[in-house]
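Asks: Sharing a structure with you now.
The values are calculated or read from the model by the stated rules, or taken from the named source; none is laboratory data. Since this is a predicted model, take the numbers as computed values, not measurements. No Cβ is skipped: glycine too gets one built from the backbone with ideal geometry, and neighbour counts run over all protein chains shown.
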Amino acid sequence: MTPNPDDQDPSSRGGAAASTTSDRNPARGSALQGLKVIEIASTIAGPACARLLGDFGADVIKIEPPEGDPVRQMGRHVPSEQGDVSLYAASILRNKRSVALDLKDPEDRALARALILQADILVENFRPGVMERLGLGYEALSAQNPGLIMVRISGYGQDGPYAQRPGYGAICEALGGVRHLTGDPDRPPARVAVASTDYLSATYAAFGALAAVHERSRSGRGQVVDVALYEAAFTQLEPLVPAYEKLGVVPTREGPNLPSMAPNSLYPVQGGGYVLIAANSNRTFERLVRLMGQPGLLDDPRFSTIRSRGEKPHMQALDALIAQWTASFDGAELEAMLQEAEVPASRIYTIADIFQDPQFAARAMLQQVPHPALGHTTQAGVVPRLSATPGRIRHTGPELGAHTQAVRDELAPALRTVSVQEAS
């Protein structure tokens with residue numbers, strides 16, 4: 001576990017603490033230093049998008065309702081003298097300032113608008129039309145801030161017959177075709193155990209935002225970045241689209257197997273565990289069968305090419321041969337043998353295994369981040385790694401509304417100007 005190299009930002013220590021210079025102006029060398037981001041988003045996809053931007057130095061102000069983003073109630077909590085602490089919020093809200101506003105209140109809505117008019121990027125994940133009803137739609141905002149980039153994340157996008165449906169990652173995985181392919185063929189479709197569609201959507205949204213920033217450097221104008229969760233899920237079906245159109249192929253669930261690629265599956269070991277082996281390429285397959293002591297498999301027409309190994313009956317026969325071999329070893333021994341032979345393989349890690357693994361430690365993927373109530377929390381490190389301007393965790397997720405008063409004070413002159421303009 002790697003201690004975070006940065007001192008904790010004092011602004012995250014609770015109450016209505018003033019924002020600090022280090023919070024407003026990330027360290028020199030940050031890739032996104034100077035970008036101002038306003039987040040009006042909840043749960044995972046929107047906050048994860050803004051967190052990505054914040055990890056690389058953008059100044060992110062999160063506007064959340066007085067009761068807080070629901071993500072503060074998600075995941076595990078730890079009791080402290082200040083009350084229960086959300087461990088998930090400490091991570092997904094990191095590198096942000098928190099401003100608590102009721103957007104149905106005219107005064108609070110004016111403050112939100114003033115913040116957005118000074119921003120480069122607005123991230124929101126309401127259903128289409130909600131921001132417009134609040135007077136915060138793109139047309140109204142861009143009329144006063146023409147360089148604004150508005151990232152809009154929703155279940156089904158900003159248009160189309162499903163646009164007004166409520167959508168969550170799990171629902172959009174079902175519509176996007178992912179659930180049909182997940183699980184064992186003799187069981188109902190399985191749930192993906194993590195919020196993969198939300199995080200994938202967040203990544204697309206951050207990419208779209210930065211693409212729009214790059215284009216703005218030429219045109220001087222912002223634009224809308226429209227991200228639909230079901231489309232993010234659907235992009236993972238890339239090879240299935242032309243195969244269905246040309247051949248009518250509708251794949252079924254294949255459990256731990258990679259469709260049409262073998263060997264690529266879980267194989268049993270002594271003691272009841274499993275090792276995942278991925279020996280798809282011809283060279284890797286050759287190394288595997290020689291390690292198994294069965295080089296004759298290379299001459300078997302069922303297994304001699306990538307395509308032939310991917311045919312279902314051939315895949316099943318090959319998996320049975322490999323499983324018979326792996327079952328005679330314990331997991332650690334087999335994993336070491338496969339790695340020595342340069343066959344990609346791994347045991348199935350739990351989170352406890354990850355905390356003990358030297359690769360995660362060497363690349364600082366587990367970082368101890370100071371926390372005002374808990375001393376510290378351990379958070380996943382920043383991805384991707386940039387060689388010259390790496391991202392960093394500057395501070396943990398702040399308490400709800402920790403920066404509200406400081407931001408009000410900062411914006412007081414701008415709000416007075418707006419009031420005068422409206423009065424005139």
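Asks: Does Y156 satisfy the condition of being touching a helix residue (DSSP H, G or I) at 6+ places or on another chain (Cβ under 9 Å) and either surrounded by fewer than 19 Cβ atoms within 10 Å (Cβ to Cβ) or farther than 21 Å from A48 by Cα (or both)?
Replies: no
Asks: Here is a further query. Within segment 395-420, work out how many residues are hydroxyl-bearing (S, T, Y) and either assigned to a strand (DSSP E or B) or at pLDDT 95 or above (or both).
Replies: Going through segment 395-420 one residue at a time, the tally reaches 2.
Asks: Does Y88 satisfy the condition of being among the aromatic types (F, W, Y) and either in a helix (DSSP H, G or I) or surrounded by fewer than 19 Cβ atoms within 10 Å (Cβ to Cβ) (or both)?
Replies: yes
Asks: Collect the residues in segment 268-281 that are in contact with a helix residue (DSSP H, G or I) (Cβ under 7 Å, 6 or more places away or on another chain), without any contact (Cβ under 8 Å) to a residue 60 or more places away in the chain and farther than 24 Å from L240 by Cβ, keeping them in residue-number order.
Replies: P268
Asks: With the requirement that a residue be buried (at least 19 other Cβ atoms within 10 Å of the Cβ) and part of a strand (DSSP E or B), what does segment 247-267 give you?
Replies: Those that are buried (at least 19 other Cβ atoms within 10 Å of the Cβ) and part of a strand (DSSP E or B): N264, S265, Y267.
Asks: Look at A114 and say whether it is at pLDDT 95 or above and closer than 17 Å to E67 by Cα.
Replies: Spelling it out, it is not the case that A114 is at pLDDT 95 or above and closer than 17 Å to E67 by Cα.
Asks: Report whether or not A211 is within 25 Å of R51 (Cα to Cα), of a type in the set (A, V, I, L, M), loosely packed, with under 13 Cβ neighbours inside 10 Å and free of Cβ contacts under 8 Å to residues at least 40 places away in the same chain.
Replies: When the stated conditions are applied, A211 does not pass them.
Asks: Something else about it: Give segment 342-382 a look and list any residue that's closer than 21 Å to Y267 by Cα and of a type outside the set (A, V, I, L, M, F, W, C), or say none.
Replies: Answer for segment 342-382, where residues must be closer than 21 Å to Y267 by Cα and of a type outside the set (A, V, I, L, M, F, W, C): E342, P344, S346, R347, Y349, T350, D353.
Asks: Determine whether S42 is in contact with a Phe, Trp or Tyr (Cβ under 7 Å, 6 or more places away or on another chain) and at negative phi.
Replies: Considered against the rule, which asks whether it is in contact with a Phe, Trp or Tyr (Cβ under 7 Å, 6 or more places away or on another chain) and at negative phi, S42 comes out as no.
Asks: Of the residues R347, R385, only one is over 24 Å from S80 (Cβ atoms) and at pLDDT 95 or above; which?
Replies: Every option except R385 fails the conditions.
Asks: Within the set of pairs 6+ apart or on separate chains, which have a first residue in segment 30-47 that is surrounded by fewer than 24 Cβ atoms within 10 Å (Cβ to Cβ), a second that is at pLDDT below 95, and C-beta atoms under 6 Å apart?
Replies: Note: pairs meeting the criteria are Q33/P26.
Asks: Can you tell me which residue within segment 268-288, out of those that are in a strand (DSSP E or B) and over 29 Å from the mean Cα position of the chain (by Cα), is nearest to R307 (Cα to Cα)?
Replies: The residue in question is P268.
Asks: Considering only segment 181-228, how many residues are among the acidic types (D, E) and either at pLDDT 95 or above or under 14 Å from R152 (Cβ atoms) (or both)?
Replies: Of the residues in segment 181-228, 3 are among the acidic types (D, E) and either at pLDDT 95 or above or under 14 Å from R152 (Cβ atoms) (or both).
Asks: Moving on to the next point. Could you pull out every one of the helices (runs of 4 or more DSSP H) wholly within segment 127-246 that has 3 or more residues that are within 30 Å of A112 (Cα to Cα)?
Replies: In segment 127-246, 130-133, 138-144, 196-219, 229-234 are the helices (runs of 4 or more DSSP H) which contain 3 or more residues that are within 30 Å of A112 (Cα to Cα).
Asks: Something else: Can we say E81 is in a helix (DSSP H, G or I), charged (D, E, K, R) and loosely packed, with under 15 Cβ neighbours inside 10 Å?
Replies: no
Asks: Would you mind stating whether P313 is free of Cβ contacts under 8 Å to residues at least 60 places away in the same chain, outside any helix (DSSP H, G or I), more than 16 Å from L276 (Cα to Cα) and assigned by the TED database to the domain that holds G271?
Replies: Spelling it out, it is not the case that P313 is free of Cβ contacts under 8 Å to residues at least 60 places away in the same chain, outside any helix (DSSP H, G or I), more than 16 Å from L276 (Cα to Cα) and assigned by the TED database to the domain that holds G271.
Asks: Does V123 satisfy being at pLDDT 95 or above, under 24 Å from G208 (Cβ atoms) and touching a Cys at 6+ places or on another chain (Cβ under 8 Å)?
Replies: yes
Asks: Residues in segment 295-302: is at least one of a type in the set (A, V, I, L, M, F, W, C), farther than 30 Å from Y199 by Cα, without any contact (Cβ under 8 Å) to a residue 24 or more places away in the chain and buried (at least 18 other Cβ atoms within 10 Å of the Cβ)?
Replies: No, segment 295-302 has no match at all.
Asks: Residues in segment 12-31: is at least one modelled with pLDDT of 95 or more and farther than 27 Å from A388 by Cβ?
Replies: No, segment 12-31 has no match at all.
Yes/no matrix, rows are residues, columns are (1) modelled with pLDDT under 95; (2) in contact with a Leu (Cβ under 8 Å, 6 or more places away or on another chain); (3) within 16 Å of Y267 (Cβ to Cβ); (4) not assigned by the TED database to the domain that holds P268:
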{"site": "S308", "(1), (2), (3), (4)": "no, no, no, no"}
{"site": "W325", "(1), (2), (3), (4)": "no, no, yes, no"}
{"site": "A332", "(1), (2), (3), (4)": "yes, no, yes, no"}
{"site": "E340", "(1), (2), (3), (4)": "no, no, no, no"}
